[in-house]
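Structure record follows, encoded as structure tokens.
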Amino acid sequence: MNSIRIAIQGGPASFHDAAARQLHHDHLIETVPCTTFRSLSTALAGGAVDAAVMAIENTLAGSLLPNYSLLQEHHLHVTAEAWLPIDQNLMALPGQKLEDIRTVLSHPVALAQCSNFFLQHPHLQAQEAHDTADSAKAIQEQQLKGVAAIAGAAAAALYNLEVLEANVADSTNNFTRFLLLQREKTEIPATADKAILLFRKPLHTSTLTLLLSLLQKHQVEVKLLQTLPSTDARGFLVMELEAADLLQLQEAIAQVKPLVEKMQVLGPLQKAALPTTANTRQHKAILPTA
Ligand SMILES: O=C(O)C(=O)C[C@]1(C(=O)O)C=C[C@@H](O)C=C1
């Protein structure tokens with residue numbers, strides 16, 4: 001059986017790697033590392049991979065708004081989503097102590113999840129890197145002393161680093177939502193109950209009020225409404241909608257579509273539930289086979 005090639009942001013043992021394995025648990029997959037969300041999007045749009053997995057929201061760091069713009073720009077389709085527990089650990093070469101460490105490498109979203117840890121340890125200097133796991137890899141490959149990485153336990157195991165401090169995120173309620181992306185539209189699952197809408201900001205706020213009231217009339221919940229980063233003064237809005245079922249969702253979208261310009265509908269897809277239990281355990285990432 002041929003494996004599915006999935007672009008991820010980061011390398012083996014990154015959280016994207018674990019998310020790709022969770023979203024595609026019934027298939028043989030090969031993850032294709034990318035160093036930025038843009039390169040991940042162009043890899044999928046250009047046909048270099050079969051699918052891609054992209055982080056879109058973290059409970060501690062918030063929405064990754066520029067990623068919605070990448071979906072819009074590259075006309076990508078969202079076919080599934082998953083919430084993953086995120087365990088952040090401080091790791092370094094064996095034998096290193098916390099007081100030996102000066103620099104801490106990690107992905108900016110991971111560093112944002114650990115702001116209290118940096119406040120409590122002012123001698124540590126955070127340094128942004130393109131990935132949590134590749135930060136761990138760099139420490140091992142270059143035998144970096146005085147340098148630690150913040151990454152999942154899977155990265156410590158893969159790169160033989162010692163965890164100096166586990167659970168360094170601001171809360172153990174740390175979860176990231178990942179989207180599964182495809183180049184082409186796929187069949188809508190009968191269980192779909194969620195959609196992501198992107199559309200031009202209406203000229204008049206009354207249009208937005210009308211749109212919201214129509215959604216309420218159809219008992220469709222607005223889970224997110226945000227302005228996307230833009231150089232255009234008017235710009236675009238992103239809206240995430242959830243309904244009881246597909247029919248209710250599609251009827252509501254059909255009603256609001258004529259009210260706005262340039263609407264793109266991502267999905268419909270089945271919403272993933274946010275896990276309710278706190279993330280107190282060590283990360284049980286599915287270790288990459290490569
Ligand atoms: O660096 C990684 O391991 C990633 O997969 C990136 C990423 C992100 O982009 O949000 C994924 C999940 C975590 O919330 C932190 C970082």
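The values are calculated or read from the model by the stated rules, or taken from the named source; none is laboratory data. Because the structure is predicted, anything quoted here is derived from the model rather than measured. Because the Cβ atoms are built from the backbone with ideal geometry, glycine has one as well, and the counts that use them run over all protein chains shown. Protein only, heavy atoms only, side chains kept; ligands, DNA and RNA dropped before computing areas. Shrake-Rupley method; radii C 1.70, N 1.55, O 1.52, S 1.80 Å.
Using only the Cα atoms, what convex hull volume per residue in Å³ does the stretch 192-268 have?
Details: hull volume 5.8 nm³, N = 77.
Spelled out: Cα convex hull of the stretch 192-268, divided by residues, is 75 Å³.
Relative to the longest principal axis of the Cα atoms of the chain, helix 246-256 runs at roughly 70 degrees. Diffusion coefficient of the stretch 108-232 by Stokes-Einstein, Kirkwood radius over Cα pairs, 20 °C, 1.002 mPa s: 112 µm²/s.
In the chain, the longest principal axis of the Cα atoms and the axis of helix 205-217 are about 90 degrees apart.
Computed from Cα positions, the angle between helix 132-141 and the longest principal axis of the chain comes to roughly 30 degrees. Accessible surface for the chain, divided over its residues, is 46 Å² per residue with a 1.4 Å probe. Based on the Kirkwood approach, the hydrodynamic radius assigned to the chain is 20.1 Å, with every pair of different Cα atoms included. Here the chain is assigned +1 on the Cβ of each Lys and Arg and -1 on the Cβ of each Asp and Glu. Its dipole about the Cα centre then comes out at about 420 debye. When the chain is treated as a Gaussian network with alpha carbon springs shorter than 10 Å, the biggest mean-square fluctuation among Asp134, Asp100, Asp193 belongs to Asp100.
The share of accessible area on the chain that comes from carbon and sulfur is 53 percent, using a 1.4 angstrom probe. Take the convex hull of the alpha carbons in the stretch 89-168; its mean projected area over all directions comes to 4.2 nm².
Spatially, the stretch 220-261 and the stretch 54-93 are offset by 19 Å when compared through their Cα centroids.
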